[in-house]
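Enquirer: The structure is given below, and queries will be raised subsequently.
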Amino acid sequence: MSRRGFLALGAAVTAAATLPGCSALGSRGAIDTVGRVDFRNRLRIPPLAEADRRGGTTEFALAAQAGRSAIVAGGEADTWGLNGALLGPTLRARRGETVRITLTNHLDEATTLHWHGMHLPAAADGGPHQMVEPGATWSPSWRVDQPAATLWYHPHPHGQTERHVYRGLGGLFIVDDDHEAALDLPRTYGVDDIPVIVQDKTFDSTGQLIETARHDNGMVGDTILVNGTAGPVFEVGARRTRLRLLNASTARSYNFGLGDGRPVTMIASDGGLLSEPLSLQRVLLTPGERAEVVVELEPGQEVTLRSYPQDLGLTDARARNSGAADELDVLLLRAAARLAPSPEVPARLAVVDRLDESAVAVTRTFELRNNRINDEEMDLGRVDDVVTVDTTEVWEVWNGHRQPHNFHVHDVQFQVLSVDGRPPPPELSGWKDTVYLPPEVRFRLIMRFTEHTDPAMPYMYHCHLLWHEDQGMMGQFVVVEPGGRPADIGGGHGH
Ligand code: C2O
Ligand code: CU
């Protein structure tokens with residue numbers, strides 16, 4: 001990887017950081033890197049994790065480790081990765097397969113790995129109760145049983161999640177199924193089906209990754225990486241390319257769009273395919289959210305994936321502080337002179353069965369404010385909610401705060417019933433596990449809890465701005481048999 005060439009970006013960022021508009025309150029100015037990113041590094045494609053299927057179980061091995069990565073000009077950064085120095089391989093499993101992942105922690109501090117978006121037993125979830133000490137191994141196993149989707153994995157140690165993700169731990173977990181496999185969609189990994197893991201970081205002049213001040217929402221970095229590559233270029237070889245977009249940033253949101261104004265075709269949200277493709281100018285992803293989009297290019301064309309300023313429902317100063325006013329070049333797509341043909345995106349993608357609102361057993365309300373949910377700070381020893389298995393619930397969620405928050409629920413994929421009483425926009429009409437909550441807007445989410453009861457092991461729900469989560473904007477629920485009660489879960493890390 002070239003280390004030169006980022007000087008230009010560094011200069012742009014430095015100049016932007018001193019733009020007028022930085023007030024005495026420490027608010028940051030908006031930055032604009034459009035046309036200023038030197039796209040000269042080939043986009044790194046995370047390798048597919050090797051799977052051992054000999055025993056009837058699909059086995060993956062992941063080793064959390066420290067390493068050094070040459071990411072920007074000036075030198076190397078101390079980073080963390082799985083089976084490498086930065087990020088981790090892409091795990092891939094088919095619906096119906098039983099997987100077992102053996103995680104070995106070679107770091108000098110305890111961490112966890114959580115399978116974000118996965119339906120699985122709470123003891124396999126990799127939340128803050130499944131800490132893996134240095135030198136220890138953890139081997140969760142479960143049967144994958146949900147529609148094809150782009151999920152991901154990342155650490156979840158309570159109070160340290162932001163730092164562990166920022167250091168570089170994380171990766172994609174792609175679920176396949178027969179239905180999706182039968183559709184005419186780009187599906188050759190690394191060729192016309194590309195992971196796009198987007199993160200913002202800050203580096204010093206020696207190329208070292210640095211933690212910056214947190215302010216309200218955590219760290220907002222000035223250097224955008226895709227799959228750990230700064231200034232990334234992807235050489236497009238087919239007429240249509242599927243991008244599996246993941247916002248793996250700790251705090252920043254992205255409003256993705258193409259630099260020449262052409263639309264993208266969105267085909268999937270967090271939990272799988274939409275019922276039909278959507279032509280969109282912009283795709284807003286807040287931390288933790290995913291979208292699959294198909295981009296169409298002519299031979300020889302170049303187009304930049306950008307993040308545009310976004311309306312998060314914030315005041316101007318808060319929008320600037322959150323990075324929502326920034327305009328950022330993210331990834332250059334450069335089409336070859338000859339492109340392999342690709343079929344048109346099918347007009348119908350999936351049947352997204354609507355969860356039945358008339359069958360709702362319980363409605364719960366969650367207010368996110370001041371790094372609390374319903375005025376409570378996360379307590380590992382307290383079960384906040386008890387859910388009965390095989391029931392459907394509505395969770396009414398709202399952000400009663402002027403800061404940006406989103407809401408993520410473990411174990412389930414939900415559907416958005418309404419946004420302030422109105423039907424959700426089409427991009428929120430499919431399966432979701434994380435949703436942005438603009439201030440003072442009420443979201444009604446419907447979800448169904450099935451199997452995997454465990455009165456002694458909770459799942460989490462929380463804001464996925466990881467600094468907020470770490471500060472306590474998280475709660476816990478257990479799924480029990482009818483009439484069941486939660487067990488005492490203790491206050492520790494539940495080794
Ligand atoms: Cu992606 Cu509880 O997290
Ligand atoms: Cu938040």
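Enquirer: For residues that are hydroxyl-bearing (S, T, Y) and assigned to a strand (DSSP E or B), scanning just the range 177-223, find the one that is nearest to A335 (Cα to Cα). Quick ask: steps written out before the conclusion?
Expert: Applying the first criterion (hydroxyl-bearing (S, T, Y)) to the range 177-223 yields 188-189, 202, 205-206, 212, 223.
Those still in the list that are assigned to a strand (DSSP E or B) too: 189, 223.
On the way: Y189: 17, T223: 24 Å.
If we take residues in the range 177-223 being hydroxyl-bearing (S, T, Y) and assigned to a strand (DSSP E or B), then Y189 is nearest to A335 (Cα to Cα).
Enquirer: Something else now. What number of residues within the range 451-478 satisfy the criterion of being free of Cβ contacts under 8 Å to residues at least 60 places away in the same chain and closer than 19 Å to R364 by Cβ?
Expert: Looking only at that region, the number is 1.
Enquirer: Which of the numbered conditions does V478 fail, given that it passes all the others? Conditions: (1) under 20 Å from the mean Cα position of the chain (by Cα); (2) under 26 Å from A148 (Cα atoms).
Expert: Condition not satisfied by V478: (1).
Enquirer: Another question, then. For residues that are of a type in the set (V, I, T) and not in a loop (DSSP other than H, G, I, E, B), scanning just the range 233-288, find the one that is farthest from D470 (Cα to Cα).
Expert: V236
Enquirer: Do you know which of the residues in the range 343-384 that are within 16 Å of ligand 2 (Cβ to nearest atom) and part of a strand (DSSP E or B) is surrounded by the fewest Cβ atoms within 10 Å (Cβ to Cβ)?
Expert: Out of the qualifying residues, it is E376.
Enquirer: Could you tell me which residue of the range 408-423 is farthest from E469 (Cα to Cα), considering only residues that are touching a Leu at 6+ places or on another chain (Cβ under 8 Å) and within 16 Å of ligand 1 (Cβ to nearest atom)?
Expert: F414
Enquirer: Separate question: Pairs only if they're at least six apart or on different chains, beta carbon under 6 angstrom, first in the range 424-437 and in contact (Cβ under 8 Å) with a residue 60 or more places away in the chain, second part of a loop (DSSP other than H, G, I, E, B) and away from ligand 1 (no atom under 15 Å from the Cβ); list them, first residue then second.
Expert: G430/V352
Enquirer: Please tell me if V387 is away from ligand 2 (no atom under 16 Å from the Cβ), buried (at least 19 other Cβ atoms within 10 Å of the Cβ) and within 23 Å of P438 (Cβ to Cβ).
Expert: no
Enquirer: I need the strands (runs of 3 or more DSSP E) fully contained in the range 88-164, keeping only those with at least 2 residues that are under 24 Å from L380 (Cβ atoms) and touching a helix residue (DSSP H, G or I) at 6+ places or on another chain (Cβ under 8 Å). Full working, then the answer.
Expert: Values: elements: 91-94, 98-105, 114-116, 141-143, 149-154.
In the range 88-164, the matching strands (runs of 3 or more DSSP E) lie at 141-143.
Coordinate-derived values only; no laboratory data. This one's a predicted model, so the numbers in the text were calculated from it and none came from an experiment. Here the Cβ is made from the backbone with ideal geometry for all residues, glycine too, and neighbour counts use every protein chain on show.
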